[in-house]
Amino acid sequence: MKYVIKKLLTTLITLFAVSALVFFSFSVIPGNPAVSRLGTEATPEKIEKLTHEMGLDRPLPERYGEWVLNILHGDFGKSYSYNQKVTSLLSEKIGTTLILSVIAIILTVAVAFPLGIYTARKSDSKLDVVLTSLNQLIMAIPSFFSGILITLLFGFVFKLFTPGAYVSYKVNFLRCVGYLFFPALAIALPKISMVVKLLKDTALKEANKDYVVTAYSRGNATRAVFYKHVLKNAMIPVITFLGMTFADIIAGSIIVEQVFSVPGLGRILLTSISGRDYPMVQAIILLLSVFVVISNLAVDFMYRAFDKRIRV
Amino acid sequence: MSMLKVEDLCIKVHDRKTTDTLVQDVDFEMNKGDIMGIVGESGSGKTMTALAIAGLLSRHDMEKSGHIIFEGINLLDIKRNVLRKIQGNEISMVFQEPLNSLNPLKKVGWQVEESLRIHTSMDKNEMRDRAIEALRDVELQNPEAVYESYPHELSGGMRQRAMIAAAMIIQPKLLICDEPTTALDVTIQAQIVELLKRINRERQTAILFISHDLSLVNTLCERVIVMQHGLVKESGLCDDIFNNPQDEYTKKLIAAIPKSPFGI
């Protein structure tokens with residue numbers, strides 16, 4: 001229990017640090033939101049007036065304090081370029097990106113584990129040689145490129161989905177999932193191959209340990225030795241890796257969203273950055289880091305449930 | 001008929017081109033209740049001999065010849081599934097490093113019970129009772145707590161006692177101990193040796209004790225085999241070999257035993 005409280009506390013501190021970093025880093029990068037809103041031909045007086053109206057001439061710490069307080073009340077401010085509340089602009093896009101990430105995570109786990117176990121159990125078989133080489137290849141292909149290949153193959157050749165015809169989950173959840181499956185596949189593919197390789201390598205390493213000989217000496221069959229002894233030990237590094245992967249999937253979905261024209265956080269983040277739409281950018285980055293921090297927290301808890309020796 | 005008869009045991013490892021002979025022409029016999037020691041330096045083939053008897057040498061690059069006849073069955077040419085019925089049931093093993101030999105992620109109790117789970121159809125409570133009894137029998141204080149703990153929570157001596165409890169839980173006929181005290185400090189060593197002696201006396205379990213420590217073997221065993229470079233150099237009663245060694249290597253080993261200042 002003490003452990004859980006300690007962990008939650010450090011998570012809160014991390015989130016505060018992130019919020020400060022997000023806020024102050026955007027005040028040092030060049031560019032004035034008032035200028036990008038009025039255009040370069042605006043008179044200095046007009047710019048000054050708008051800057052004052054937007055509150056950008058007030059001292060930074062004061063603005064940061066106000067921002068944080070508002071967030072705690074669920075208010076992320078107003079978008080400069082859309083002139084709407086950030087929360088209402090983002091709510092649907094967060095859902096889209098989350099659904100995409102969750103599908104990618106489920107895919108990664110559901111495919112990588114059986115495959116990793118299989119290649120570990122049947123190492124040196126012919127099929128394993130094929131799978132391992134294929135794995136090496138997939139690992140080397142970045143998500144945005146496999147995204148293009150998937151669009152071509154499943155979208156245009158097999159016609160399993162219509163590229164560009166994304167349906168919002170608010171309209172039809174199943175069709176939305178059906179569409180997002182393909183970008184999720186593009187995100188998951190390199191992760192799957194990494195997890196398969198890691199699981200196989202750690203399982204083979206564990207299989208040479210002394211406790212495995214003990215297990216055999218008690219009359220265990222090879223299968224029982226693997227599932228009752230080796231697998232759980234081999235899972236520990238894999239869980240660590242999965243933690244990092246989950247964070248990576250959430251943050252990495254942004255690029256793949258572009259390839260598949262999914263209106264998630266990715267696209268709005270890019271347009272907001274070029275438009276110097278600070279409230280939007282800050283909100284999106286803060287949200288992404290919240291996802292990442294929470295997924296790390298979940299992995300830490302999982303880790304501890306697995307191995308009692310570990311105190312993270 | 002003797003319980004265990006090892007005849008002309010040879011173990012060879014094939015590398016790409018060369019063949020290494022690890023064990024050559026080892027012969028010995030053990031009866032119910034015997035305690036026998038195998039002594040030798042590292043690389044002498046003593047552990048290989050022990051692993052071969054326990055059926056734990058199954059590497060593809062290894063070639064075993066000769067006979068290991070246990071209760072009338074040649075362990076070297078029976079099927080794996082028949083061998084598994086003997087492993088952990090009639091032949092048990094205790095290893096050198098108790099921490100590495102225990103699965104770090106499983107509770108000690110679960111590991112002590114494992115042979116019962118594999119070889120009997122006892123239910124959970126029965127197994128738990130038997131495991132706690134076995135842990136108590138190896139003189140562990142508070143066996144209920146040990147049952148619920150993980151290997152890293154125990155001391156080295158406690159772990160090795162738990163390993164012995166796991167090996168003895170199903171009352172095997174032969175207990176093979178491969179350097180069981182080497183990783184432990186001297187006082188614990190003596191306690192473990194006493195424990196093995198008691199198990200042998202009370203249960204009539206035959207013990208094959210592998211060690212590099214000749215004096216330790218002398219305190220525990222009746223008979224001893226001295227091995228070097230995979231060959232048996234000398235074998236016989238401990239007392240004879242200790243007092244009247246014939247082989248040069250045995251003489252050297254005896255001379256290498258540090259003399260106690262108290263003249264023990």
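The values are calculated or read from the model by the stated rules, or taken from the named source; none is laboratory data. This one's a predicted model, so the numbers in the text were calculated from it and none came from an experiment. All Cβ positions, even for glycine, are placed from backbone atoms using ideal geometry, and neighbour counts span all protein chains on display.
One table, with the values for the structure above:
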{"item": "Subset of the range A:35-76 [more than 21 Å from A:ILE285 (Cα to Cα) and small (Gly, Ala, Ser)]", "result": "A:GLY39, A:ALA42, A:GLY55"}
{"item": "Those residues of the range A:154-188 which are assigned to a helix (DSSP H, G or I), free of Cβ contacts under 8 Å to residues at least 60 places away in the same chain and small (Gly, Ala, Ser), in sequence order", "result": "A:GLY155, A:GLY178"}
{"item": "The range B:74-91 - residue that is more than 7 Å from chain A (Cβ to nearest Cβ) and outside any helix (DSSP H, G or I) and, of those, surrounded by the fewest Cβ atoms within 10 Å (Cβ to Cβ)", "result": "B:LYS79"}
{"item": "Residue satisfying all of: in the range B:28-70; among the basic types (Lys, Arg) and either outside any strand (DSSP E or B) or more than 24 Å from A:ALA207 (Cβ to Cβ) (or both); modelled with the lowest pLDDT among these", "result": "B:ARG59"}
{"item": "Residue in the range B:201-213 that is within 24 Å of B:LYS259 (Cβ to Cβ), of a type outside the set (Lys, Arg) and assigned to a strand (DSSP E or B) present", "result": "yes"}
{"item": "From B:SER155, B:SER115, residue being under 26 Å from A:ASN208 (Cα atoms) and either in contact (Cβ under 8 Å) with a residue 60 or more places away in the chain or in contact with a Gly (Cβ under 7 Å, 6 or more places away or on another chain) (or both)", "result": "B:SER115"}
{"item": "Residue selected from the range B:145-164 under the condition under 23 Å from B:GLY88 (Cβ atoms) and not in a helix (DSSP H, G or I), by the criterion nearest to the other protein chains (Cβ to nearest Cβ)", "result": "B:TYR150"}
{"item": "Matching residues in the range A:217-233 - criterion: being within 7 Å of another protein chain (Cβ to nearest Cβ), surrounded by 22 or more Cβ atoms within 10 Å (Cβ to Cβ) and out of contact with any Ser or Thr (no Cβ under 6 Å at 6 or more places or on another chain)", "result": "A:SER217, A:GLY219, A:ASN220, A:HIS229, A:ASN233"}
{"item": "B:LEU9 touching a residue at least 24 places away in the same chain (Cβ under 8 Å), outside the structural domain of B:ILE210 (by TED's automatic domain parsing) and buried (at least 22 other Cβ atoms within 10 Å of the Cβ)", "result": "no"}
{"item": "Residues satisfying the stated conditions in the range B:179-191, i.e. crowded, with 24+ Cβ neighbours inside 10 Å and not hydroxyl-bearing (Ser, Thr, Tyr)", "result": "B:PRO180"}
{"item": "Residue in the range A:239-254 that is in contact with a Gly (Cβ under 8 Å, 6 or more places away or on another chain) and closer than 23 Å to A:SER146 by Cβ present", "result": "yes"}
{"item": "Every residue from the range B:139-160 that is crowded, with 24+ Cβ neighbours inside 10 Å and under 26 Å from B:VAL224 (Cβ atoms)", "result": "B:GLN160"}
{"item": "The range A:66-100, residues that are without any contact (Cβ under 8 Å) to a residue 60 or more places away in the chain and among the basic types (Lys, Arg)", "result": "A:LYS85"}
{"item": "Answer residue from the range A:201-215, given it is farther than 14 Å from A:TYR227 by Cα and surrounded by fewer than 21 Cβ atoms within 10 Å (Cβ to Cβ) and is farthest from the other protein chains (Cβ to nearest Cβ) among those", "result": "A:ASP201"}
{"item": "B:ALA54 being at the interface with another protein chain (Cβ under 8 Å from one of its Cβ atoms) and either β-branched (Val, Ile, Thr) or touching a strand residue (DSSP E or B) at 6+ places or on another chain (Cβ under 8 Å) (or both)", "result": "yes"}
{"item": "Filter result (over 15 Å from B:LYS173 (Cα atoms), among the hydrophobic types (A, V, I, L, M, F, W, C) and surrounded by 21 or more Cβ atoms within 10 Å (Cβ to Cβ)) within the range B:25-47", "result": "B:VAL26, B:ILE38, B:VAL39"}
{"item": "Unique residue being within 14 Å of another protein chain (Cβ to nearest Cβ) and either of a type in the set (A, V, I, L, M) or surrounded by 16 or more Cβ atoms within 10 Å (Cβ to Cβ) (or both) when the list is A:ILE310, A:ILE284, A:ILE268, A:ILE294", "result": "A:ILE310"}
{"item": "Test set (1) outside any helix (DSSP H, G or I); (2) touching an Asp or Glu at 6+ places or on another chain (Cβ under 7 Å) - A:ASP57 fails condition number", "result": "(2)"}
{"item": "B:LEU208 of a type outside the set (Lys, Arg) and either under 22 Å from B:ASN100 (Cβ atoms) or not assigned by TED's automatic domain parsing to the domain that holds B:GLY43 (or both)", "result": "yes"}
{"item": "Of residues in the range B:127-144 being in contact with a Lys or Arg (Cβ under 8 Å, 6 or more places away or on another chain) and in a helix (DSSP H, G or I), the one farthest from the other protein chains (Cβ to nearest Cβ)", "result": "B:PRO143"}
{"item": "Tabulated pairs, the range B:191-210, first farther than 12 Å from B:CYS177 by Cβ, second polar (S, T, N, Q), C-beta under 8 angstrom, 6+ apart or interchain", "result": "B:ARG203/B:GLN171"}
{"item": "Tally of residues being hydrophobic (A, V, I, L, M, F, W, C) and within 7 Å of chain A (Cβ to nearest Cβ) across the range B:98-121", "result": "3"}
